[in-house]
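Notes for the one structure printed next.
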Amino acid sequence: MGVAQLTLLSVGATLGTGIFVVLGQAVPEAGPAVVVSFVLAGVTALFSALSYAELAGMIPGSGSSYSYAYATLGELVAWVCGWCLILEYGVSVAAVAVGWGQYVNELLELTLGVSLPESLSAPPGAGGVLNVPAALIVVLAMVVLLRGAKESAVANTVMVAVKIAALVLFCAVAFTAFRAGNFHPLFPLGAAGMSAGAASLFFSYIGFDAASTAGEEARDPQKDLPRAIILSLVLVTALYVLVAVAALGAMPWQRFAGTEATLSEVLVHAVGGGNLWPVLLSVGAVVATTSVVLTVQYGQIRILFAMARDGLVPPLFAKVHPRTGVPRAGTVIVSGFIAVLAALVPLGSLADATSIGTLFAFMLVNLAVVLLRRRDPGAPRSFRVPFSPVTPLLGVAFCGYMLCSLGADTWIAFGAWMAAGLVVYGLYGIRHSKLAHPQEDPA
């Protein structure tokens, strides 16, 4: 992959998740200040993106921040980072798959006047029994991924083009119903509401680091990975802010609660003009969320591949097919787990769990840059974080601020996840570690 395909990989993994799926949950938390929430989340992601860019140029492996932590902070910290990434990538795929099911249902209602029964389109706790569409898209993404990285990249390029077009179309239509009064007052729920919205919307930026999971498929990783990471984040942030302004200008923030198909609701209730615009947007949203499922699922599989190669998870995850180069067993196992998660867990719980895992992983990446600058200042770097160590330390501070905005239930679930991870590391990782047993080849 060249810089264009790597950028599209990151855009594909990022663009769509928050703006198509989570916006409806963040607006009731922040009100019109959700636009500021997007900027705050984007700035937080930017600090981490700069750190990712420096480390991706130095350590162009397949494991994203896990590989960076492994090379700079040691095996135990790398395990914690990898365990956070498993939570981040796996749960975020499930969350986006839930949103995909909502837009499919919306599309069926607009075009055919029918909808899937709630028992088969919503998880337990949200009025249903099993979310079949959410599980289905995960399985379809698995089929594409099993064909190989090149084929997956081509499919992703097409889908990214479609969803950018859909978002530009949404803005063009929504601005025809724009009312400046919808932004007054800008902070109806205070700064705390804006911060809570930013913490939820940080989920929207998960995936900009996807290019760093493709280091071994990159043509020139030292140069192309940093460019792709930063370029994708700038593109995504600009589109997010533009769409949020258009959506809130077209529909009062009090009406955003209660739906995952948020942008479609804006066009149906605020803009009018029949079903044409909502249908086109729903088609774009289905394609957009499909792209996110495909690329983030790819990242999850590659992280487990890197961890297996280091001996920290079973070698099954590192075995690749000789023709496609795809870790087939790992792809099937990961996809099966995510499909079950998507079918059984509500969206809100998935989104917050994803955000906390991501923020922890990003904190470790920023710290890795600071430590590596002190430990090996003369090492060749194709990209250097400007104003280090101030910039990466600001990244740590911003991530910590966002973490404090998450709810107690999310922290309890995260604590249980990390405790389980340390047990797995103690029972399996330490015993099979490549560092502890260098004569063994885990792959």
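The values are calculated or read from the model by the stated rules, or taken from the named source; none is laboratory data. In this text the structure is predicted, and so the values were computed from the model without any measurement. Note that we place each Cβ from the backbone using ideal geometry, even for glycine, and neighbour counts take in every protein chain shown.
Mind checking which residues of the stretch 140-187 are modelled with pLDDT of 85 or more and acidic (D, E)?
Matches in the stretch 140-187: none.
Of the conditions (1) farther than 23 Å from F414 by Cα; (2) of a type outside the set (S, T, N, Q); (3) without any contact (Cβ under 8 Å) to a residue 24 or more places away in the chain, I333 fails just one. Which one is it?
Just one mismatch for I333, condition (1).
Filtering the stretch 1-23 down to residues that are at pLDDT 80 or above and over 15 Å from G207 (Cα atoms), which residue is surrounded by the fewest Cβ atoms within 10 Å (Cβ to Cβ)?
G2
Taking into account only those residues within the stretch 406-435 that are within 17 Å of E88 (Cβ to Cβ) and of a type in the set (F, W, Y), which is surrounded by the most Cβ atoms within 10 Å (Cβ to Cβ)?
So, considering only residues that are within 17 Å of E88 (Cβ to Cβ) and of a type in the set (F, W, Y), the one surrounded by the most Cβ atoms within 10 Å (Cβ to Cβ) is F414.
Table: residues versus (1) buried (at least 24 other Cβ atoms within 10 Å of the Cβ); (2) among the β-branched types (V, I, T); (3) touching a residue at least 60 places away in the same chain (Cβ under 8 Å); (4) not in a helix (DSSP H, G or I).
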{"site": "W79", "(1), (2), (3), (4)": "yes, no, yes, no"}
{"site": "E88", "(1), (2), (3), (4)": "yes, no, yes, no"}
{"site": "A97", "(1), (2), (3), (4)": "yes, no, yes, no"}
{"site": "Q102", "(1), (2), (3), (4)": "yes, no, yes, no"}
{"site": "L130", "(1), (2), (3), (4)": "no, no, yes, yes"}
{"site": "V154", "(1), (2), (3), (4)": "no, yes, no, no"}
{"site": "V158", "(1), (2), (3), (4)": "no, yes, no, no"}
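Quick check on F362: is it among the aromatic types (F, W, Y), in contact with a Cys (Cβ under 9 Å, 6 or more places away or on another chain) and in contact (Cβ under 8 Å) with a residue 60 or more places away in the chain?
yes
If a residue has to be touching a helix residue (DSSP H, G or I) at 6+ places or on another chain (Cβ under 7 Å) and either free of Cβ contacts under 8 Å to residues at least 24 places away in the same chain or within 20 Å of V279 (Cα to Cα) (or both) to count, how many in the stretch 104-128 make the cut?
Residues that pass the stated criteria total 13.
Return the pair list, or none, for Cβ contacts closer than 8 Å from residues in the stretch 373-392 that are in contact (Cβ under 8 Å) with a residue 12 or more places away in the chain to residues that are surrounded by 12 or more Cβ atoms within 10 Å (Cβ to Cβ) and part of a loop (DSSP other than H, G, I, E, B), at least 6 apart or on different chains.
Cβ pairs passing all conditions: R373/S388; R373/P389; T391/V385; P392/V385.
Residues that are in contact with a Ser or Thr (Cβ under 7 Å, 6 or more places away or on another chain): find the helices (runs of 4 or more DSSP H) completely inside the stretch 328-432 holding 1 or more of those.
It comes to 347-375, 390-404.
From (1) outside any helix (DSSP H, G or I); (2) out of contact with any His (no Cβ under 8 Å at 6 or more places or on another chain), pick out the condition that doesn't hold for M307.
For M307, the exception is condition (1).
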